[in-house]
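Before any comments, here is the structure.
The values are calculated or read from the model by the stated rules, or taken from the named source; none is laboratory data. Remember, predicted model here, so these are calculated numbers, not experimental data. Heads up, the Cβs are rebuilt from the backbone with ideal geometry, glycines too, and the neighbour counts pull from every protein chain shown. Note: areas computed on protein heavy atoms with side chains; ligands, DNA, RNA excluded. Shrake-Rupley method; radii C 1.70, N 1.55, O 1.52, S 1.80 Å.
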Amino acid sequence: QVQLVESGGGLVQAGGSLRLSCVASGSRFRFNIMGWFRQAPGKQRESVAQIFSGGTTTYVDSAKGRFTISRNSANNTVYLQMNSLKPEDTAVYYCRIRSPSGTEYWGRGTQVTVSS
């Protein structure tokens, strides 16, 4: 059974940085889409950044120029480097991975809090 374990969240001051990691275990195949979503209190979950098997990346407009997504396909790990953090980045961040068959797997989430 595939399990996702996220790490790297925490409390940081505005302008600071955090690096999120997500390791997918229990799989024999490489995932074709790996990425991060976030959900702030009272808001819908939104896609923050996605990376595809060919290396293409997409970002929500508010993250462009500040966040960088990367992956290590050999060990099914995806990272999110977040720089110049703002209070509006405060949310629970979720890792989501999609298999070649289209099955999605979600992590339990990691809290990111940015103080002003």
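Below is a table of values for the structure above.
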| item | result |
| --- | --- |
| Accessible area expressed per residue, the chain, with surrounding protein chains retained (probe 1.4 Å, Å²) | 53 Å² |
| Sites SER101 and GLN44, calculated FRET efficiency, Cβ-Cβ separation with R0 41 Å, nearest 0.05 | 0.95 |
| Spin-label model distance (nm) - ASN32 vs GLN3, 7 Å beyond Cα toward Cβ | 2.7 nm |
| Residue-wise HN-Hα coupling along the range 100-114, computed from phi with Karplus coefficients 6.51, -1.76, 1.60 (Hz; x: Gly, Pro) | x, 7, x, 5, 9, 10, 10, x, 7, x, 9, 7, 10, 10, 10 |
| Net lengthening on full extension, ASN72/SER116 (0.36 nm per residue, minus Cα-Cα) | 12.6 nm |
| Sparse-neighbourhood loop sites, trypsin sites (Lys or Arg not before Pro) in the range 20-91 - DSSP loop, at most 16 other Cβ within 10 angstrom | ARG28, ARG30, LYS43, ARG45, LYS64, ARG66 |
| Carbon/sulfur fraction of accessible area - the chain, other protein chains in place, 1.4 Å, % | 45 percent |
| Rg to Rh quotient for the range 49-116, alpha carbon positions, Kirkwood Rh | 0.98 |
| Largest-first principal axis extents, alpha carbons of the range 1-66, Å | 39, 24, 24 |
| Using a Förster distance of 25 Å, the FRET efficiency for PHE52-LEU11 (Cβ separation, nearest 0.05) | 0.20 |
